[in-house]
Amino acid sequence: MQSDEEIASILRKEAEAVKRIPIDDNVTKTIDLIVAHTHSRHGKVILSGMGKAGQIAVNIATTFSSTGTPAVFLHPAEAQHGDLGVIQPDDVLILISNSGRTREIIEIIDLARKLYADIPVVVITGNKESQLATTADLCIWTGNPDEVCPLGLTPTTSTTVMTVIGDILVVLLMKRIGFTAEDYAKRHHGGYLGGKSRSISHT
């Protein structure tokens with residue numbers, strides 16, 4: 001049976017990892033890049049990641065889309081079998097890999113730049129010295145926290161900080177573009193949030 005202290009210890013470690021996420025101007029530069037490409041040139045954000053990082057990428061993409069910034073998830077394996085065609089000239093790539101060594105993600109940069117040489121690439125990673133980080137235009141470093149997994153292997157704390165970084169990007173973008181409850185209601189008609197957004201926009 002797990003003790004309350006053991007649970008509290010996990011919570012503390014996760015919270016400390018979030019507090020230690022490095023803050024630098026690459027976050028602001030990423031916001032500038034997304035606004036320029038998606039809101040001025042009518043491109044979109046394309047997110048990609050493998051495994052657990054891919055699940056985080058899906059979440060960020062869908063949250064971007066519901067808050068006024070067009071975004072899609074591109075599976076890195078399917079990208080090599082035709083799905084790369086979703087990329088257009090004014091898009092922005094955001095690639096997520098904790099190790100910075102995920103082969104399929106590294107290959108996406110090369111394949112995308114063969115399509116459009118100037119496509120901007122942002123990487124969210126725990127390894128700022130990796131090939132992926134140094135190849136990208138912008139690198140958002142997670143701080144590379146230790147996993148709370150007792151084996152030190154399972155993506156746990158690393159995915160927590162990736163999710164928070166995604167939330168930071170979403171919130172800053174919403175503020176930058178002046179996204180309102182009325183705007184939200186137009187994109188989220190159903191469910192509790194749809195009803196809540198409509199009630200707020202009508203007050």
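Couple of notes before you dig in:
- FRET efficiency, 1/(1 + (r/R0)^6) with R0 35 Å, evaluated for Ile168 and Asp146 via beta carbons: 0.95
- Our summary of shape: the Cα atoms of region 1-62 have principal axis extents of 55, 26, 16 Å, ordered from largest down, in whole angstrom.
- Taking a point 7 Å from the Cα of Leu111 along the Cα-to-Cβ direction, the residues of region 56-72 with backbone N closer than 18 Å to it are 57-58, 72.
- Given Lys19/Lys186; Lys13/Lys44; Lys114/Lys186; Lys52/Lys175; Lys128/Lys186; Lys13/Lys52, the pairs whose alpha carbons are separated by over 30 Å: Lys19/Lys186; Lys13/Lys44; Lys114/Lys186; Lys128/Lys186
- Principal axis box of the chain, alpha-carbon based, largest edge first, Å: 50, 49, 32
- Computed over region 84-128, the P(r) tail beyond 15 angstrom holds 40 percent of alpha carbon pairs.
- If R0 is 22 Å, the Cβ-Cβ spacing of Glu129 and Leu153 corresponds to a FRET efficiency of close to 0.55.
- Here the label points at Lys186 and His39, each 7 Å from Cα along the C-beta direction, are separated by 1.4 nm in the simple model.
- Distribution of pairwise C-alpha distances over region 25-137, 5 Å bins, in %: 2, 13, 24, 27, 22, 10, 1, 0
- Residue with peak Gaussian network fluctuation, the chain [Cα springs, cutoff 10 Å], from Leu172, Leu132, Leu153: Leu153
- In a fully extended conformation the segment linking Arg12 and Asp32 would gain 3.9 nm over its present Cα-Cα distance, using 0.36 nm per residue.
A short reminder: the numbers here are calculations on the coordinates, not readings from a lab. What you are looking at is a predicted structure, and each value in this text was computed from that prediction instead of being measured. Don't worry about glycine lacking a Cβ; one is built from the backbone with ideal geometry, like all the others, and counts go over all protein chains shown.
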